[in-house]
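Asker: Attaching a single structure in structure tokens format; questions to follow.
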Amino acid sequence: MKKENDSKVTEFVLLGPSSSLELQLFLFLIFLLVYMTIVLGNLLIVVTVRVDAHLLQSPMYYFLGHLSFLDLCLSCVTVPKMLGDFLQEDKIISFSGCLAQIYFLHFLGASEMFLLTAMAYDRYVAICNPLHYLTVMNRQLCFQMVFACWCGGFVHSITQVTLVIQLPFCGPNKLDNFYCDVPQVIKLACTDTSVVEVLMVSNSGLLSLVCFLVLLFSYAVILVTLRTRFLQGQSRALSTCASHLTVVSLIFVPCVFIYLRPFCSFSVDKVFSVFYTVVTPMLNPLIYTLRNTDMKTAMKKLRKKHVMS
């Protein structure tokens, strides 16, 4: 028994998406391509925003740069471990490694949820109050909003780890997922976890639901404004809002489904987990940034500058 976690369990076994060797090799190739897309796409956006003075001074691209950085880091929490497990029979993670995954997953995930909410407010001001946009969304406010997002993610993550680390684990140690997360881990505790599961719902489930409802409300106001004012470029703005809502739904709906129901779990949870840990970090660059004309122009300048140097 280890004194630091008061538990006989020193490692967990990850069951993964499938037990078939052929399917695991196929999934390895698929997720490897997806991971390379995530890393290259988000890294390109971060570098482009940082080196282009015009984009860096824009509140929207300031937020998008942070979103890409969060997506890049979030994918590194779960995907590399999953890719390695596809190639080996024993899918094992240490107790400390499991806690680290939980910490960084919730830290980055919650920070991204808060950031998406801040970005929805930014779009609301840009569309509904365009004449005062740069005055309202000044540099200081943008920095404060991003800093608050990171702080909110830190507080949320520390709370999640605290819920887990105080529980005793004495077996079994098999997690029905491809990474460590609170809902699966607390079900292995050798004690009554009803209070912990309620706290988990209050922390993760309600956080996801509230942020999602705020986002839906802000985009609803934006759509109503576009419909009543007949702004120039209305169809483009409507298409952008629809794309944003699609990506936002792929993040928040799985989180609400997984974290807002205590005392039960379903086999489909692993499928939902893939959406907000793998799919959305890949789609965010495509939906939010790479289709944007200003971003394309900045990337062309960056490429020409690199070729000339």
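The values are calculated or read from the model by the stated rules, or taken from the named source; none is laboratory data. Treat the numbers as computed from the prediction; the structure is a model and nothing was measured. Note: ideal-geometry Cβ built from the backbone for every residue, glycine included; neighbour counts use all protein chains shown. Areas reflect the complete protein model, heavy atoms only, side chains present, ligands, DNA and RNA absent. Shrake-Rupley method; radii C 1.70, N 1.55, O 1.52, S 1.80 Å.
Asker: What percentage of the solvent-accessible surface of the chain, computed with a 1.4 Å probe over protein heavy atoms, is contributed by carbon and sulfur atoms?
Answerer: Of all accessible area on the chain, carbon and sulfur atoms account for 68 percent.
Asker: Say we join alpha carbon atoms closer than 10 Å with springs in a Gaussian network model of the chain; which of Arg50, Arg261, Arg227 then has the biggest fluctuation?
Answerer: Top of the fluctuation ranking is Arg227.
Asker: Against the empirical 2.2 N^0.38 Å scaling, what ratio does the C-alpha Rg of region 23-118 come to?
Answerer: It is 1.28.
Asker: For an R0 of 25 angstrom, estimate the FRET efficiency from the Cβ-Cβ distance between Val155 and Asp176 and round to the nearest 0.05.
Answerer: About 0.30, to the nearest 0.05.
Asker: Quick one: compute the contact order of the chain, relative version, from alpha carbon pairs under 8 angstrom and 6+ residues apart, as a percent.
Answerer: Computed over the chain, the figure is 25 percent.
Asker: Let me ask something else about it. So which DSSP H runs in the chain come out at 27 Å plus along the axis (Cα) with average Kyte-Doolittle of at least 0.0?
Answerer: What comes out of the filter, once short or polar helices are dropped, is 21-51, 59-86, 95-128, 139-165, 206-229, 234-259.
Asker: What whole-number value in Å² describes the accessible area per residue of the chain for a 1.4 Å probe?
Answerer: 49 Å²
Asker: Here are some pairs, Lys8/Lys81; Lys81/Lys300; Lys270/Lys300; which of them have Cα atoms lying more than 30 Å apart in this structure?
Answerer: Lys81/Lys300; Lys270/Lys300
Asker: Could you sort Glu11, Glu112, Glu89, Glu22 by their accessible area in this structure, using a 1.4 Å probe and putting the largest first?
Answerer: Glu89, Glu22, Glu11, Glu112
Asker: Still on this structure: log10 I(q)/I(0), Debye, Cα-only region 118-205, no solvent, q = 0.25 Å⁻¹?
Answerer: -1.20
Asker: Divide by every residue of the chain the summed helix terms, -39500 (n - 2.57) for each DSSP H run of at least 4, and state the resulting mean residue ellipticity at 222 nm, rounded to the nearest 500 deg cm²/dmol.
Answerer: -23500 deg cm²/dmol
Asker: Okay, next question. With viscosity set to 1.002 mPa s and temperature to 20 °C, compute the Stokes-Einstein D of region 77-163, Rh being the Kirkwood radius across alpha carbon pairs; µm²/s, no decimals.
Answerer: Rounded to a whole number, D works out at 140 µm²/s.
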